[in-house]
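S.K.: Dumping the structure here so I can ask a few things about it.
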Amino acid sequence: MDKIQKFLAYNGKINITCVETTNLVEEARKLHDLSPVATAVLGRVLTMGALMASAFKDKDDSVTLQIRANGPIGGVTVTAEADGRVRGYVTNPQVEVPLRKDGKLNVGEAVGNDGFLYVIKDIGLKEPYIGMSKLISGEIAEDFANYYYTSEQKNTAVALGVLVNKDGVKKAGGFIVSSLPDAT
């Protein structure tokens, strides 16, 4: 990942983590020869991986994120490690779908919304922790917010973005805002 910042707010009751992943996502775009919408899809999941891995305490901890759905992208897999290494791929890197009515890339259509999100955390236990949730939109950030709520029972806001132009990735990043157990 390019840069990470962590904050506590509201007297230590709210945790905020922000990452910039522009260089990471641009490198993935080049390595995998990704279409613009595939860049946005993989970039969002790479960013989420970086955000989740940044919370690990042990340098050997890792998380694998998988999205399996009915969209033409096929699937997405990302692995992120506590030391900042993040890598991933999409099944169909050249996928093209029509733009949304507002002119933006249609990530939700590329991913699909009939499928599942899997989170596999290897945090030094005998077996990895495997959590899952049903996709609700295919837009990825909403799906991860739903995962936190349904699988980890944590109120969490997630924002992920990848801005792509004709030259490649102009900007990429995201943030997670979550309440700590003693928040009212």
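The values are calculated or read from the model by the stated rules, or taken from the named source; none is laboratory data. These numbers were taken from a predicted model, which means no experiment stands behind them. All Cβ positions, even for glycine, are placed from backbone atoms using ideal geometry, and neighbour counts span all protein chains on display. Keep in mind that these areas ignore ligands, DNA and RNA; they rest on the heavy atoms of the full protein, side chains included. Shrake-Rupley method; radii C 1.70, N 1.55, O 1.52, S 1.80 Å.
S.K.: Work out, step by step, the length gained on full extension between residue 180 and residue 149: first 0.36 nm times the residue separation, then minus their alpha carbon distance; give nm to one decimal.
M.R.: Computed gain between residue 180 and residue 149 is 9.8 nm.
S.K.: Could you give the length gained on full extension between residue 100 and residue 157, defined as 0.36 nm per residue of separation minus the Cα-Cα distance, in nm?
M.R.: Answer, rounded to one decimal: 18.2 nm.
S.K.: Determine the order of 10, 148 by accessible area, beginning with the largest, at a probe radius of 1.4 Å.
M.R.: Greatest to least solvent exposure: 10, 148.
S.K.: Helix 36-53 versus the longest principal axis of the chain: what angle, 0 to 90°, nearest 10, using Cα atoms?
M.R.: 10 degrees
S.K.: Calculate, for residue 136 and residue 4, the FRET efficiency according to 1/(1 + (r/R0)^6) with r their C-beta to C-beta distance and R0 22 Å; round to the nearest 0.05.
M.R.: Efficiency computed from Cβ-Cβ geometry: 0.25.
S.K.: Once phi is turned into θ = phi - 60°, what whole-Hz ³J(HN,Hα) does the Karplus curve with 6.51, -1.76 and 1.60 give for every residue of the range 2-16, x standing for Gly and Pro?
M.R.: For the range 2-16, the Karplus curve yields 7, 8, 9, 9, 10, 9, 10, 10, 6, 6, x, 9, 10, 9, 10 Hz.
S.K.: Taking the 0 to 90 degree range and rounding to the nearest ten, how far is the long axis of helix 22-32 tilted relative to the main principal axis of the chain, both from C-alpha atoms?
M.R.: 50 degrees
S.K.: Volume per residue, Å³, of the convex hull around the alpha-carbon atoms of the chain?
M.R.: 120 Å³
S.K.: Sticking with this one: Rounding to the nearest 10 and keeping the result within 0 to 90°, find how far the Cα-based axis of helix 141-151 lies from the longest principal axis of the chain.
M.R.: 40 degrees
S.K.: Order 52, 132, most accessible first, counting only protein heavy atoms with a 1.4 angstrom probe.
M.R.: Reading off the accessible areas and sorting them downward yields 132, 52.
S.K.: Follow-up. Can you send over the solvent-accessible area of residue 182, 1.4 Å probe, protein chains only, in Å² to the nearest 10?
M.R.: 90 Å²
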